[in-house]
Each structure stands twice: as structure tokens, then as C-alpha cells.
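To start, the structure itself, in C-alpha cells.
No lab work stands behind these numbers, since they all come straight from the coordinates. Remember, it's a predicted structure, so these values are computed and weren't measured experimentally. Counting neighbours? That spans all protein chains shown, and the Cβs are built from the backbone with ideal geometry, glycine included.
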Amino acid sequence: MFTIGMAQQQHTHRMRSVALLPIGFLWLLTVCGTGLLFLGGCTQPNDPLPSDTPAQMEDTDQSEETKPEDVPAQQDTADQPAPPAQPDTPVQTETPAQSEEPAQPEEPSQPEEPDQPAPPAQAEEPVLEGINGVAALGSYLAALPENTEDTPYPVKVNGIDLETTKSSGDTLRTLYDALSRYVALDLSDCTGEALPNVTVKTAPNKVYLVSLTLPDTVMTIAINAFSGCTALTSVNMPKVSTIIRGAFSNLAKLSSVSMPEVQSIETSKTTTSGVFYKCIALTSVSLPKVTSIGDNAFYGCTELESLTLGATPPVLEGEQVFKNASRLSAIYVPPAALSSYASTDKDNWTSDLKEKVQALP
């Protein structure tokens, strides 16, 4: 009886357990669902970090049909190269209108400014060969602005007979009187064989002569012709053969003299006014054809360092040809003429002068 009672109790307990199984299963589902919901809520705050990836995840999770839908969406965006139509709008061809504004500075016609150097051309017109005669020269210079001896006006004149004539008197003196501005005077187109004597007192405007070119016709320069031209720095005498005493005396600024044909530098024993007396700016003189040099010719030329002579020793007409020309250290002659100078017995060729004779370099 006891065994039967125990079996019944076990059966009853099993029935109760079976009855409780569904309830436990439901409870387990409830608990698991709640846990999943809780976990989902916990992970969502972290998902925003890869905010783009969820979209990709959804794409991967979705069927292949959604992918082609996304691709066309990208193709649509690719179709949006309608913006290239926008470069049409930047058809900032209107900006060229703005570039036209910078083109306006070209309107100031800057090329016209280089055209303005026409006035300098006028400034160079002092080399006018159309200045004919002394009167025209005087009028021309008087109309120019005042200048200095450092900025002389280059002037070329023609139509002047440089010799004294019955009709015009002393042409050289009237030429000086026409000078009212400092000039580099080119007389190469003028005429005349001999320049007459003109004293300082009768031609005070000599001081405006800065440089001078004489015509090929002039052969002789008279006494005191350029004495008193205190601004004179250079003289070109292409055919002059004779220069008389005092012609260039006391010209402190005369530094360049071209006289390739000069044969005689004359002087007078009654005066110390030699041709280049006290021309203290002369450093070298070339006289390749000179045959005689008058006394005091280079007296007081304190800066004279060299003298060039020809093949034959010239006559020195006095003992003071080079008086006080203390810096004279070289007398250049053709190499073949060295023996001629060393053995010359002409007056005033002292041993001291002969020691200075050297062959042309």
C-alpha cells in the first residue's frame, strides 16, 4: 500500500512539472526578450560613431535590388554635371570688360611718352647745319636757356669766312660776340685760310667757347686768337700748319689739342707769351710734323708729361721752350730716329732733353 502511494505521489509530481514547463518557457522568453531590448538600447548610443557605416550595413543587409537602386542614385548625382553648365555662367567674359578697364591705362598711350623724346631731338638740333652765318648763330643761341660750361650746346655753323674781309671786318671777333651760351663749336663747314688776331678786350664772349673744330681750309692761327677762352678744353685743327705766339696762352682748362699737320710753333723773343704758355691742364702733346718750336712754347705747362715728335729733331728756338714743365719725362720718337736725336747738335737740345727721348711704344 505504501508503494502504491509513493508511485501515485511521483506521478502527481511529474504532472505538476509538465504543467509548469510552458510557464517556465514563457518566462525564459520574456527574460531573453527584455535582455535583448536592453542590449539594443545600450548599443544604439555607440552606433552613431560609424553613422555612415550603418547605411552601408543596411545596404549589405538588404537585397541586391536595393544596391542597383543606390547606384542609379549615384548616377543621378553624376548626372548633376549640370553644374558644368555653371562654368557657362562663369562665362566671366564680362570680366574681360573688367580687363578692358586695365586696358584703359594703355589709353594713356604710354607709347606716346617714348614719342615725346622728340623734344630731346630738338635739344640735339644745335647740331643744325642750317645755322648759316654769324647773325643766325647769335639769334639761335639767344633763344636757348642759359647753361654751364659742363653742358655746352653742340653747334655746327656754315657760311662764315673766318678771315678778315673788307665787308665784314674781323669775322672771328664778330663770331665771338655772337656767343651768349656755352658752346661746342663746329666750324668745319666754314672757310678761310688764316684766323686773324683777336684780343681779349675786344671779344669778352670768348669765355663761352668750350670746344672748337676748325675747317680743313685754315692753315694759320694768328697771335692771341684763342687767348682768353678760359673755358676752352679741346681744339681740333686738322690742317693747321703754323701757330703764332700766344694763340692758346693762359688756358688753364685746355687738355686736348689735335694738330697733326703743325710744322711751326712761332714765338717772339720780345714776349714770354708762348703758344701754350701756362696751359696747366695739358698732359701730352703730339707734334709728328713739327720742324721748329718757339721759345716759351710750353713754358709753365706744369702737368705736361710727354711730347711726341717726328723722325727729325725740331729746332728749339730758345732755352725756355720747356721752362717750368718739370713733369716732362718722355719725348717719344720713331724707333729709327733714336740715333738722330742722340747725336743732334741743334741748339738747346741739352743732354737732359736727350735722356728723355724714347722709342714710341
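Phi angles across the range 320-327 convert, under the Karplus curve 6.51 cos²θ - 1.76 cosθ + 1.60 with θ = phi - 60°, into 3J(HN,Hα) values of 10, 4, 10, 4, 6, 9, 5, 8 Hz, Gly and Pro given as x.
Please say if the range 311-361 is rounded, prolate or oblate, where rounded means a/c under 1.5 for a ≥ b ≥ c the square roots of the C-alpha gyration tensor eigenvalues, and otherwise the choice is prolate for a/b larger than b/c and oblate otherwise? Verdict is oblate for the range 311-361. For the range 191-200, 3J(HN,Hα) computed residue by residue from phi via the Karplus equation (6.51, -1.76, 1.60; θ = phi - 60°) reads 10, x, 9, 9, 7, x, 6, 9, 8, 4 Hz, glycine and proline entered as x. Electrostatic tally near residue 263: other residues with Cβ closer than 14 Å to its Cβ, Lys and Arg +1, Asp and Glu -1, net -1.
Using 25 Å as the Cα-Cα cut-off, could you pick out the over-long pairs in 289/354; 156/239; 239/354; 289/323? Checking Cα-Cα distances, 239/354 exceed 25 Å. For the range 305-313, just list the computed ³J(HN,Hα) in residue order, Karplus coefficients 6.51, -1.76 and 1.60, θ = phi - 60°, integers in Hz, with x standing in for Gly and Pro. Coupling constants for the range 305-313: 10, 9, 9, 10, 10, x, 6, 10, x Hz. Here the range 241-353 is treated with +1 on each Lys and Arg Cβ and -1 on each Asp and Glu Cβ, and its dipole about the Cα centre works out to around 280 debye. Computed from the Cβ-Cβ distance with R0 of 35 Å, the FRET efficiency linking residue 147 to residue 324 stands at 0.50. Separation of the range 224-239 from the range 173-209 is 10 Å, based on Cα centroids. Percent of Cα pairs in the range 241-353 per distance bin of 10 Å, from zero to the largest separation: 15, 52, 30, 3.
Per-residue counts of other Cβ atoms within 10 Å, averaged by peptide: what ranking do you get for 179-187, 149-157, highest first?
On the way: 179-187: 20.8, 149-157: 17.2.
Ranked by mean Cβ neighbours within 10 Å, highest first: 179-187, 149-157.
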